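*Asks:* Sharing a structure here in structure tokens format.
The values are calculated or read from the model by the stated rules, or taken from the named source; none is laboratory data. Since the model is a prediction, treat every value here as computed from it, not as a measurement. Note that we place each Cβ from the backbone using ideal geometry, even for glycine, and neighbour counts take in every protein chain shown.
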Number of protein chains: 2
Amino acid sequence: MAVTLAEVAAACNVSTSTVSRALTDPEKVNAETRTRIERVARQLGYAPSRAGRSLVSGRTDTVGLVVPDIANPFFPPIIKSVQARARDKRYAVLIADTDEHVADELELARGLSRQVDGLILASPRTAPAELTRLAQQLPVVFVNREVEGARSVVIDEAEGMQEAVEHLVSLGHRRICYLAGPRRSWSNQQRRDALATACAANDVELRELGPFEPQIQAGMRAADLLQSAEVAAAIAYDDLIALGVMSRLTERGMQVGREISVIGIDDSPLSTVTHPMLTSIHVPAAELGSAAVDLLLDQLRDGAELGAPTTVKLETRLVIRGSTGVAPADPR
Amino acid sequence: MAVTLAEVAAACNVSTSTVSRALTDPEKVNAETRTRIERVARQLGYAPSRAGRSLVSGRTDTVGLVVPDIANPFFPPIIKSVQARARDKRYAVLIADTDEHVADELELARGLSRQVDGLILASPRTAPAELTRLAQQLPVVFVNREVEGARSVVIDEAEGMQEAVEHLVSLGHRRICYLAGPRRSWSNQQRRDALATACAANDVELRELGPFEPQIQAGMRAADLLQSAEVAAAIAYDDLIALGVMSRLTERGMQVGREISVIGIDDSPLSTVTHPMLTSIHVPAAELGSAAVDLLLDQLRDGAELGAPTTVKLETRLVIRGSTGVAPADPR
DNA sequence: AGAGTCACGGCAATCGTTTGCGGTACGATG
DNA sequence: CATCGTACCGCAAACGATTGCCGTGACTCT
């Protein structure tokens, strides 16, 4: 079928070793023969067999990426940047989608682990101990989750959250409702904590509803609950929930941005598709992805596979759009 | 590092061949030894090396999937269903995103082709001849594009488009504007043709604007053009464009669903997030994905690698929501 | 009892690459 | 002229799994 090293070697009257060296270790072989080999290899359309190479090198030149839900607009930008960065470094990317099934997460990761050199887990929800253990078995980088003894890339929601609260306060709001994400989600806790801190610092009352799954439908459910709560400002766990809320509230005749203010988190491209557009805390998704790849490849190269646990923190900031406005005189 | 066949064999006092057979060809070996081997293998945590297996079998148990843009909500459902179906059949999925760069499409596909048994190309925009040639080199299934001599799964927009036109006509519209997708896009031509046919059959005047890239931003641009055209009903190439149009029109103070009607295609989950919600032609995305995998694996199994070119056609239908309404008395 | 059958499992070749260990030929050096 | 160094390249052994072929032993049938 495919052209092999041996065929190229035969066509050049040299041994396979020489061809191999010529193509991977150019200095090790005479310049003249090297160019000859290179030419013939190209002519014959030679491409090294991944399998053969893997077998002896022990590497696969592939990284795995596990995400909870490709359809959640938060992840595509991350996936894209992971792919782009990996491709630059000659790595392929295997993707697995857990469909938000926490139970499948480890299983999928383990499955991938056999065919990749390293893994990136985005927003995992598996128990910490399991993740630590996984990270001891092969190079892993966690995105949007800090794990003991492992490397991770996370976002620092403090800044953005503080801006969000100050923004609402400046509009006259004194009471904010947090629409919580999945109960055991690490980033939900981070966000809730950041919000609590910001509220405390600004003397704002904080309420909470939820938990909600990060899906539009759940956001619609949240909207109905929100209407019976006495608040005029809500910060949602993520954009999807926020969008669901807006959609449902609008449908029920409320004027988002006037009667009630809504803030999302992620600043996904969808933030601009609604009317009014969604005020959201911007998360640098592309950087999340590329930083994760860098951290991972770093780990792979150094051989120091369990290199110093590092946490890269990326900043967030508030992007103000139309879904937030001055608090109504009477907070309902 | 990893447990090998040889280690399992040693632990069982049998040869590697026996272990291999016990695990892959259960009938070929004595029930008693088989269970013993299975037990030991599990205990030792044995997992076959993909590389070793590939080398001798020539297969990789991996399929490649090339999509134009993961961030386009049309594709995640397809990706998901491809993955799910592939996983069922013990195949891994390598994904590549062309970022809408037509030029990279073939290159990415070729790159993948070395490490997969077969390819699925979703909505490719490469020239037909190239695609035909690609399909001769390895098993390929095309999604959302018909290619000479190759297998593909496409959608039949005729039905949905006819429903859409009839729907608009029943609301009093006599003039429809098509917001075209990328000029050389195959599905754009399909959709335009289907629309033209439906319009002719219903004695409706058809205008056209574009081309537009399938992105929200482009839709916003379309909206502004639309306002200076004398139409009160538009059918967009896809939901993203339609959503961009709605968003921008609403922002400019128009009442979508009253002053102007908008219809999208794809019926992506986002259709429900806007207000009013987007009337859209539903495309069975999940079926597209799983049908593609079935077609591909079929091709792989039969060895008849260039099996009969088949085209699977999936039906579409209109989903009516709030973005369409009765035509205003004076079409502006 | 002898021959044939059958189930089971081992041997060894094979897939395509990489790489340590030498071997060869050449030029340089004393 | 002999010795040594060096640059280049070939040999062959891995890597881990699969599989055709054959040997062994037990059983059956006549």
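*Asks:* Any residue at all in the stretch B:217-236 that is more than 14 Å from every other protein chain (Cβ to nearest Cβ) and touching a Phe, Trp or Tyr at 6+ places or on another chain (Cβ under 7 Å)?
*Replies:* yes
*Asks:* Still on this structure, I have one more. Restricting to the stretch B:269-289, name every residue that is surrounded by fewer than 21 Cβ atoms within 10 Å (Cβ to Cβ), away from every other protein chain (no Cβ under 14 Å) and over 21 Å from B:Tyr178 (Cβ atoms).
*Replies:* Of everything in the stretch B:269-289, those that are surrounded by fewer than 21 Cβ atoms within 10 Å (Cβ to Cβ), away from every other protein chain (no Cβ under 14 Å) and over 21 Å from B:Tyr178 (Cβ atoms) turn out to be B:Pro284, B:Glu287.
*Asks:* Assuming B:Ser54 fulfils every condition listed in (1) hydroxyl-bearing (Ser, Thr, Tyr); (2) buried (at least 18 other Cβ atoms within 10 Å of the Cβ); (3) more than 14 Å from chain A (Cβ to nearest Cβ) apart from one, which condition is it?
*Replies:* The failed condition is (3).
*Asks:* Report, by residue number, each residue of the stretch B:117-150 that is among the acidic types (Asp, Glu) and over 15 Å from the mean Cα position of the chain (by Cα).
*Replies:* B:Asp117, B:Glu130, B:Glu148 - these are the residues of the stretch B:117-150 that are among the acidic types (Asp, Glu) and over 15 Å from the mean Cα position of the chain (by Cα).
*Asks:* What's the total number of residues in the stretch B:70-82 that are in contact (Cβ under 8 Å) with a residue 12 or more places away in the chain and within 8 Å of another protein chain (Cβ to nearest Cβ)?
*Replies:* Within the stretch B:70-82, the first condition is being in contact (Cβ under 8 Å) with a residue 12 or more places away in the chain, and the residues that meet it are B:70, B:72-75, B:77-82.
Now restrict to residues that are within 8 Å of another protein chain (Cβ to nearest Cβ): B:70, B:73, B:77, B:79-80.
Residues in the stretch B:70-82 being in contact (Cβ under 8 Å) with a residue 12 or more places away in the chain and within 8 Å of another protein chain (Cβ to nearest Cβ): 5 in total.
*Asks:* Which of the residues spanning the stretch B:1-32 are β-branched (Val, Ile, Thr), near DNA strand C (Cβ under 8 Å from one of its atoms) and at pLDDT 90 or above?
*Replies:* Result: B:Val14, B:Thr16, B:Thr18, B:Val19.
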